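What follows is one structure encoded as structure tokens, with my remarks underneath.
The values are calculated or read from the model by the stated rules, or taken from the named source; none is laboratory data. Note that the structure is predicted; figures quoted are calculated from it, not measured. A quick note on method: Cβ atoms are made from the backbone with ideal geometry, for glycine too, and the neighbour counts reach across all protein chains shown. Ligands, DNA and RNA are excluded from the accessible area calculation, which covers all protein heavy atoms including side chains. Shrake-Rupley method; radii C 1.70, N 1.55, O 1.52, S 1.80 Å.
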Amino acid sequence: MQIYLSRPDITEKEIEAVCSVLRGPNLSLGPKLAEFENAFCEYIGIKRAVAVNSGTSGLFLCMPTLGIGQGDEVITTPFTFIASTTTIMMADATPVFVDIDPVSLNIDPAKIESRITNKTKAILPVEVFGNPVGMDKICEIAGKHELVVIEDSCEALGSALNGKKVGTFGKISAFAFYPNKQITTGEGGMILTDDDELADMCVSLRNQGRGKGDSWLSHERLGYNFRLSDINCALGIVQLSRMEEIKARRRQVAKWYQEMLASDSRLIVPVEADGCDISWFVFVVRLKEEFTVQQRDKILQDMKDRGIQVSNYFPPVHLQPFMVERFGYKKGDFPITESICERTIALPFYNNLTKDEVAIVCKTLKEVLDNS
Ligand SMILES: Cc1ncc(COP(=O)(O)O)c(C=O)c1O
């Protein structure tokens with residue numbers, strides 16, 4: 001028996017949509033690109049959407065678009081997927097970490113102001129695991145200090161805070177569509193903004209620096225090839241059209257886990273805070289403080305040995321070897337992040353996980369914990 005950590009949810013409708021692009025003449029820069037972008041604008045309620053070939057490309061393009069580069073600092077979280085940080089560094093800017101709130105696992109807004117310097121240009125918060133808690137407060141602080149917010153919404157498509165959709169908090173935001181995400185395009189991403197100038201710059205930068213109306217071999221600026229093909233867009237259009245169904249399924253799986261695990265005193269089980277509507281990217285439980293990282297790692301291995309795929313989302317970004325080498329970070333620099341990272345267990349989580357499978361995962365986890 002194998003229960004996977006994550007599985008895409010592709011129906012015949014997606015397969016048909018992709019095949020119909022393959023039967024036609026436009027595999028890239030065709031009509032599906034604008035259709036996907038327009039559908040995204042409508043779903044989120046934002047003026048402009050620019051499709052790119054990954055969440056990483058999307059976040060990175062925010063940097064030159066906002067004029068962020070060498071000598072600039074961007075405040076961000078050390079508890080995230082690596083790309084939130086590396087996209088700042090790719091632009092030659094410096095990531096400045098702020099420790100997280102131990103409940104929401106997002107940047108602790110109360111700790112931001114002490115990290116602002118005259119080099120700070122932006123705050124890059126992440127809705128970790130899809131949880132939007134704190135975004136309103138972070139934007140308030142950014143506004144007070146005239147800083148731009150680059151919202152890393154790569155894990156949070158469909159989440160909202162007090163009725164405001166994720167992706168609308170920042171001046172600019174980015175989503176990701178790798179197959180473990182709420183919707184997938186195989187690989188892909190989307191940049192969102194209400195600002196036409198920023199969106200036009202992203203359109204140019206994703207397409208080799210070509211300007212509006214330029215010919216194929218005319219380039220106004222240094223650009224990249226971060227285009228998303230019509231094949232990917234066709235897949236994304238159908239996935240996005242199923243978003244409410246997808247969100248309902250994910251919420252159901254999360255509810256099963258909550259019901260089956262909430263009473264286990266060894267675990268901290270994620271719940272939705274007041275005002276939050278979470279679309280659930282992953283389901284990450286945490287071991288209580290008395291467990292060591294060695295015990296957690298043994299639990300992960302025992303689960304895998306029993307056919308249940310699990311993971312340690314996330315190791316601390318600041319303690320990755322290249323970050324230690326470059327910035328000299330050490331253990332103890334961001335103690336809340338480090339303590340959380342040592343005790344997380346990401347459980348199998350995807351749309352089509354059945355109640356019986358969730359029950360097997362929970363039963364196995366309890367047995368493994370009994371033996372640890
Ligand atoms: C928070 C966060 N930011 C950025 C990314 C990067 O997205 P991609 O893998 O599409 O480049 C991810 C992807 O997992 C993510 O979780």
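Go through the stretch 256-281 and give me each residue that's in contact with a helix residue (DSSP H, G or I) (Cβ under 8 Å, 6 or more places away or on another chain), open to solvent by 30 Å² or more (accessible area, probe 1.4 Å) and not in a loop (DSSP other than H, G, I, E, B).
Matches in the stretch 256-281: Trp256, Met260.
Could you give me the residue pairs with C-beta distances under 8 Å whose first residue belongs to the stretch 177-203 and is at positive phi and modelled with pLDDT of 95 or more, whose second residue is part of a loop (DSSP other than H, G, I, E, B) and open to solvent by less than 10 Å² (accessible area, probe 1.4 Å) wherever it lies, and which are 6+ apart or on separate chains?
Gly186/Phe177; Gly188/Phe177; Gly188/Leu228
What is the number of the single condition among (1) open to solvent by 10 Å² or more (accessible area, probe 1.4 Å); (2) within 15 Å of the ligand (Cβ to nearest atom) that Ala156 does not meet?
(1)
Within the stretch 287-332, can you find the residues that are in contact (Cβ under 8 Å) with a residue 24 or more places away in the chain, open to solvent by less than 50 Å² (accessible area, probe 1.4 Å) and not in a helix (DSSP H, G or I)?
Leu287, Phe291, Gly307, Ile308, Val310, Ser311, Tyr313, Phe314, Pro316
It is to be established whether one or more residues within the stretch 241-255 are open to solvent by 40 Å² or more (accessible area, probe 1.4 Å), in contact (Cβ under 8 Å) with a residue 24 or more places away in the chain, closer than 30 Å to Leu353 by Cβ and aliphatic (A, V, I, L, M).
Of all residues in the stretch 241-255, those open to solvent by 40 Å² or more (accessible area, probe 1.4 Å) come to 241, 244-245, 248-249, 251-252, 255.
Among the residues that remain, those that are also in contact (Cβ under 8 Å) with a residue 24 or more places away in the chain are: 241, 249, 251.
From what's left, closer than 30 Å to Leu353 by Cβ: 241, 249, 251.
Subset that is aliphatic (A, V, I, L, M): none.
The answer is no, given that none of the residues of the stretch 241-255 is open to solvent by 40 Å² or more (accessible area, probe 1.4 Å), in contact (Cβ under 8 Å) with a residue 24 or more places away in the chain, closer than 30 Å to Leu353 by Cβ and aliphatic (A, V, I, L, M).
Being open to solvent by less than 10 Å² (accessible area, probe 1.4 Å), within 15 Å of the ligand (Cβ to nearest atom) and either within 22 Å of Phe226 (Cβ to Cβ) or not β-branched (Val, Ile, Thr) (or both): is that true of Pro132 here? First the steps, then the outcome.
Values: open to solvent by less than 10 Å² (accessible area, probe 1.4 Å): yes; within 15 Å of the ligand (Cβ to nearest atom): yes; either within 22 Å of Phe226 (Cβ to Cβ) or not β-branched (Val, Ile, Thr) (or both): yes.
For Pro132, the condition - open to solvent by less than 10 Å² (accessible area, probe 1.4 Å), within 15 Å of the ligand (Cβ to nearest atom) and either within 22 Å of Phe226 (Cβ to Cβ) or not β-branched (Val, Ile, Thr) (or both) - is met.
For the subset of the stretch 135-153 comprising residues that are open to solvent by less than 40 Å² (accessible area, probe 1.4 Å) and away from the ligand (no atom under 16 Å from the Cβ), which member is farthest from Ala51 (Cα to Cα)?
Step one: list which residues in the stretch 135-153 are open to solvent by less than 40 Å² (accessible area, probe 1.4 Å), which gives 135, 138-139, 141-142, 147, 149-153.
If we keep only those that are away from the ligand (no atom under 16 Å from the Cβ) too, we end up with 139, 141-142, 147.
Values: Cys139: 24, Ile141: 29, Ala142: 26, Leu147: 25 Å.
The selected residue is Ile141.
How about the stretch 162-204: which of its residues are among the aliphatic types (A, V, I, L, M) and open to solvent by 10 Å² or more (accessible area, probe 1.4 Å)? Outline the logic, then answer.
We begin by selecting, within the stretch 162-204, every residue among the aliphatic types (A, V, I, L, M); these are 166, 172, 174, 176, 183, 190-192, 198-199, 201, 203.
Those that are among the aliphatic types (A, V, I, L, M) and open to solvent by 10 Å² or more (accessible area, probe 1.4 Å): Ala176, Leu198, Met201, Val203.
Of the conditions (1) touching a strand residue (DSSP E or B) at 6+ places or on another chain (Cβ under 8 Å); (2) in a loop (DSSP other than H, G, I, E, B), Ile345 fails just one. Which one is it?
(2)
Are any of the residues in the stretch 95-113 within 29 Å of Pro270 (Cα to Cα), of a type in the set (Gly, Ala, Ser) and surrounded by fewer than 24 Cβ atoms within 10 Å (Cβ to Cβ)?
Quick first cut of the stretch 95-113, residues within 29 Å of Pro270 (Cα to Cα) only: 95-113.
Filter again for of a type in the set (Gly, Ala, Ser), leaving 104, 110.
Now narrow it down to the ones that are surrounded by fewer than 24 Cβ atoms within 10 Å (Cβ to Cβ): 104, 110.
Yes, the stretch 95-113 contains a residue that is within 29 Å of Pro270 (Cα to Cα), of a type in the set (Gly, Ala, Ser) and surrounded by fewer than 24 Cβ atoms within 10 Å (Cβ to Cβ).
Show me the helices (runs of 4 or more DSSP H) found entirely inside the stretch 28-94 where at least 1 residues are more than 16 Å from the ligand (Cβ to nearest atom) and in contact (Cβ under 8 Å) with a residue 24 or more places away in the chain.
Details: elements: 31-44, 55-65, 83-90.
Once the helices (runs of 4 or more DSSP H) in the stretch 28-94 are filtered for at least 1 residues that are more than 16 Å from the ligand (Cβ to nearest atom) and in contact (Cβ under 8 Å) with a residue 24 or more places away in the chain, what remains is 31-44, 55-65.
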